[in-house]
Each structure stands twice: as C-alpha cells, then as structure tokens.
Amino acid sequence: YKVYPNVVDGDIFYPERKTQVETDELQILHISSFDDKHKNISGMLEAIAGLRRSFHLRIITEGSVEEAYAATDAAGIPKDQVEIKSKCDAYEIAEVFRLSNVFVLFSNYETFSVVLAESWMSGVPAIYSKCGGLTEINDPVLGVQLAVKNIEALNNALESFDITRYDAESIRLFATRFEKNQLSDEIRKIYDEI
C-alpha cells in the first residue's frame with residue numbers, strides 16, 4: 001500500500017501578495033462546510049471574537065451565507081469585520097487565499113484536508129488543529145499546529161500571528177508535493193513498478 005495525496009492545481013493556487021492591501025489588520029480565512037460537529041465552527045468563532053487586535057474574517061462555505069452570518073453574529077463578531085461567500089469555484093477561492101495572511105482550520109477531525117494543501121500551495125501559513133490528514137504535519141515553516149478544541153491556544157496564536165515570520169515561497173515549495181505534475185510522476189513510477 002502507498003499513501004497517495006489529493007491533488008492541488010498549482011496553476012490556480014499560487015502566492016501573489018501584490019493584490020493584498022497593505023494593512024495592520026489581520027486577514028483571516030476559513031473555508032469549510034461550516035458543520036460545527038466536524039469543523040468546530042463555534043470554537044473557532046469564539047477564539048476570533050476574543051481577539052484584541054484588528055482583523056477581517058473571510059469565510060467560504062458550501063452552506064448558507066445567512067446561517068454563517070448568524071453564527072458570526074452570535075459569536076459577537078461585528079458584521080463589518082466579516083465577509084462570507086458560498087459555493088465558490090477554485091479560481092475564486094485562490095483569489096481569496098491571495099488576500100489572506102492566515103488560513104484557520106480548527107476541525108475536530110480531518111481526512112486529508114484539501115483546503116490546507118491549497119493554503120500551503122498559495123503560500124499562506126495556517127493555524128490548524130492536529131486532527132488527522134495533513135494536520136498531523138507540525139512544521140513551523142507552514143504555520144502553527146494546535147491541540148483539538150483548544151480555543152485559548154487558537155486565540156493566542158491569532159493574537160500573536162506575524163505574517164513577516166513566514167516565507168510564501170518556502171511554504172509553496174513544501175506544497176509542491178501535492179501538485180498535479182508531481183503526483184502524475186508518482187503514478188507513473190507505481191505503474192512502472194507493476
């Protein structure tokens with residue numbers, strides 16, 4: 001048996017910060033189904049709502065925009081600090097990654113976590129809970145790994161997050177292992193061995 005990862009298109013997901021507005025405001029991104037049991041949305045929003053620093057939260061969900069706004073409102077996050085989109089295609093998601101300083105994944109469990117691979121392919125560091133799949137990787141070059149459900153640790157990691165500590169090209173270099181050309185070479189090697 002051999003583990004074969006999901007594929008991320010490096011032609012769509014790539015670092016490019018020139019489109020990002022220079023600001024001290026932390027640009028946070030979260031992408032998920034918004035299922036609280038799986039993604040621990042309530043814990044993530046509690047940690048973000050407790051931030052003392054300036055931030056802007058972007059959420060892309062497969063679910064209802066209205067329900068996502070209701071959840072951020074219930075957590076006490078001001079509406080003018082939140083932007084929510086639903087059912088975006090890969091190109092739209094990649095553009096939002098390029099506007100972000102940090103990707104947050106605070107799940108209770110994951111299988112592979114394609115969005116984490118997309119974040120890294122985009123050169124965006126992540127703050128993520130150790131809950132399976134790619135979240136098992138603990139490399140400070142890629143971001144900050146946390147224990148599952150540790151809201152205080154997520155809040156602290158966001159409070160102290162400094163984008164200047166991260167190099168987008170180093171993060172992307174790590175992620176090239178998920179790129180389609182790299183993985184097609186792996187399939188070819190397996191085929192040649194058979």
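List of remarks:
- Under the Karplus curve 6.51 cos²θ - 1.76 cosθ + 1.60, θ = phi - 60°, whole-Hz ³J(HN,Hα) for the stretch 61-75, x wherever Gly or Pro sits: 10, 7, x, 7, 5, 4, 5, 5, 5, 5, 5, 5, 5, 5, 6
- Residues whose placed amide H lies under 5 Å from that of Leu146, excluding near-sequence neighbours: Tyr128, Ser129, Lys130
- Formal net charge of residues neighbouring Asn40 (Cβ-Cβ distance under 15 Å; K, R +1; D, E -1): -1
- Net lengthening on full extension, Glu92/Tyr69 (0.36 nm per residue, minus Cα-Cα): 6.3 nm
- Helical runs assigned H by DSSP (4 residues or longer) give the chain a calculated mean residue ellipticity at 222 nm of -10500 deg cm²/dmol, each run adding -39500 (n - 2.57) before division by the residue total.
- Which labelled figure in (i) 16.9, 54; (ii) 15.3, 45; (iii) 16.5, 57 is Rg and Dmax of the Cα atoms in Å, once derived from the coordinates: (iii)
- The stretch 64-146, dipole about Cα centre (Lys/Arg Cβ +1, Asp/Glu Cβ -1), debye to the nearest 20: 160 debye
- Once both labels are positioned 7 Å from their Cα atoms along Cα-to-Cβ, the gap between Asn181 and Val141 label points is 1.9 nm.
- With contacts taken as Cα pairs under 8 Å and at least 6 residues apart, the stretch 21-153 reaches a relative contact order of 25 percent.
- Each of Phe174 and Glu25 was given a label point 7 Å from its Cα along the Cα-to-Cβ line. The distance between the two points is 2.8 nm.
- Between 0 and 90°, nearest 10: helix 180-193 axis offset from the chain longest Cα axis: 40 degrees
- Lysine pairs in the stretch 1-155 with Cα atoms under 29 Å, if 8 or more residues apart or on separate chains: 22
- The accessible surface of the chain, taken with every protein chain in place and a 1.4 Å probe, is 50 percent carbon and sulfur.
- Between Asn108 and Lys79, the simple spin-label model (points 7 angstrom out along Cα→Cβ) gives 3.0 nm.
- The residues His56, His30, sorted by heavy-atom accessible surface at 1.4 Å with ligands and nucleic acids left out, run His56, His30 from largest to smallest.
- For the stretch 128-142, 3J(HN,Hα) per residue [Karplus equation, 6.51 cos²θ - 1.76 cosθ + 1.60, θ = phi - 60°, Hz, x = Gly/Pro]: 8, 7, 6, 8, x, x, 5, 5, 6, 6, 10, 9, x, 5, 8
- Taking all Cα pairs closer than 8 Å and separated by 6 or more residues, the relative contact order of the stretch 99-162 comes to 31 percent.
The values are calculated or read from the model by the stated rules, or taken from the named source; none is laboratory data. This structure is a prediction, so every number in the text was calculated from the model and none was measured. With ideal geometry, Cβ positions are generated from the backbone for all residues, glycine too; neighbour counts draw on all protein chains shown. For the accessible areas, the whole protein counts, side chains as well, though only heavy atoms, and no ligand, DNA or RNA atoms are used. Shrake-Rupley method; radii C 1.70, N 1.55, O 1.52, S 1.80 Å.
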